[in-house]
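Below: the structure, in structure tokens.
The values are calculated or read from the model by the stated rules, or taken from the named source; none is laboratory data. All of these numbers come straight from a predicted model, not from anything done at the bench. Here the Cβ positions follow ideal geometry from the backbone for every residue, glycine too, while neighbour counts run over all protein chains shown.
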Amino acid sequence: LELYLDSANLADIKNLSAALPLAGVTTNPTIMAAGGMGLNRLLPALADILGADARFHVQVVSNTTNDIVAEAHKLHDLPFDIVVKIPAHAAGLSAIKQLKKDGVPLLATAIYNVQQGMLAALNGADYLAPYLNRIDNLGFDGVQVVRDLQMFVNHYQLPSKLLVASFKNVHQVLQVLSHGVRAVTLPADIARQFLSAPATDSAIEQFNQDWRAVFADRLSYE
Ligand code: E4P
């Protein structure tokens with residue numbers, strides 16, 4: 001299972017990576033714009049925080065197939081473990097097909113339905129990113145789309161891995177994981193909710209209070 005942060009905020013990434021087993025970071029142009037840094041500054045800073053093994057999913061901003069292919073090669077040539085995110089529309093699917101032959105690691109992004117995911121998988125995308133909450137917002141069932149796409153991948157034993165994106169709550173994440181999804185990316189606020197454990201905090205506070213009442217500052221082995 002790969003867990004990513006969907007963020008380009010260095011403070012959030014540093015903070016959350018201390019407790020979370022992160023495989024790396026995913027970004028999109030909106031997230032990068034919010035972070036305010038280009039890749040030349042962002043990627044070395046992220047590698048410092050997350051280590052040399054971290055994987056970065058970086059989205060192209062080109063629109064035509066030829067431009068997407070050229071941009072993807074430039075991203076692939078950077079000295080980091082980069083998966084190039086390419087939109088699952090016609091121009092992007094065509095780019096995925098070409099780039100697969102060149103051995104560029106690829107993620108098909110902005111997947112809103114099963115058929116887009118199917119085509120991206122068959123064209124050779126390594127990762128498929130359905131946008132769960134955005135699908136719900138269109139009036140469809142995001143979890144069902146994820147479930148059907150995962151079943152398609154399983155049924156035909158395709159090597160593509162779903163990396164589900166666009167979450168708005170913890171329940172959505174747990175739902176897709178229960179359907180066998182092997183990668184998710186969390187926005188920082190959802191990641192913080194994963195780490196929030198008020199019942200544990202309160203239980204530990206009571207334990208420590210009881211301990212201190214008898215043993216003051218002594219440690220348990222003293
Ligand atoms: C993945 O990287 C997607 O771009 C992202 O998860 C979309 O999330 P949003 O719907 O919260 O913008």
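Quick test of your reading of the structure: residue 44 fulfils all but one of (1) under 30 Å from residue 195 (Cα atoms); (2) over 13 Å from the mean Cα position of the chain (by Cα); (3) surrounded by 14 or more Cβ atoms within 10 Å (Cβ to Cβ). Name the failing condition by number.
(3)
Mind checking which pairs have a first residue in region 1-13 that is closer than 12 Å to residue 42 by Cα and assigned to a helix (DSSP H, G or I) and a second that is at pLDDT 95 or above and among the β-branched types (Val, Ile, Thr), Cβ under 6 Å, 6 or more apart or different chains?
13/49
Just give me the residues in region 121-141 being within 14 Å of the ligand (Cβ to nearest atom) and in a helix (DSSP H, G or I), in sequence order.
Listed by number, the residues that qualify are 132, 133, 134, 135, 136, 137.
Using beta carbons and a limit of 9 Å, which pairs, at least six apart or on different chains, have the first residue in region 142-161 and surrounded by 22 or more Cβ atoms within 10 Å (Cβ to Cβ) and in a helix (DSSP H, G or I) and the second one modelled with pLDDT of 95 or more and of a type in the set (Asp, Glu)?
Listed by first residue and then by second, the contacts come to 142/136.
In this structure, does residue 34 turn out to be farther than 16 Å from residue 120 by Cβ, in a helix (DSSP H, G or I), within 14 Å of the ligand (Cβ to nearest atom) and touching a residue at least 24 places away in the same chain (Cβ under 8 Å)?
Numbers: farther than 16 Å from residue 120 by Cβ: yes; in a helix (DSSP H, G or I): yes; within 14 Å of the ligand (Cβ to nearest atom): yes; touching a residue at least 24 places away in the same chain (Cβ under 8 Å): yes.
So residue 34 fits the description; yes.
Residues in region 180-222 that are basic (Lys, Arg) and farther than 25 Å from residue 21 by Cα: how many?
As a first pass, look at region 180-222 and keep what is basic (Lys, Arg): 182, 192, 212, 218.
Keeping just the survivors that are farther than 25 Å from residue 21 by Cα gives 212, 218.
So the answer is 2.
Tell me which residues, restricted to region 95-120, are touching a residue at least 12 places away in the same chain (Cβ under 8 Å), in a loop (DSSP other than H, G, I, E, B) and either within 14 Å of the ligand (Cβ to nearest atom) or under 16 Å from residue 76 (Cα atoms) (or both).
102, 104, 105, 112, listed by residue number.
Looking at the structure I just gave you, is residue 40 assigned to a loop (DSSP other than H, G, I, E, B) and more than 12 Å from the ligand (Cβ to nearest atom)?
Numbers: assigned to a loop (DSSP other than H, G, I, E, B): no; more than 12 Å from the ligand (Cβ to nearest atom): yes.
No, not satisfied.
Looking at (1) more than 14 Å from the ligand (Cβ to nearest atom); (2) surrounded by 16 or more Cβ atoms within 10 Å (Cβ to Cβ); (3) within 17 Å of residue 81 (Cα to Cα), which one does residue 23 not meet, given that it meets all the others?
The failed condition is (1).
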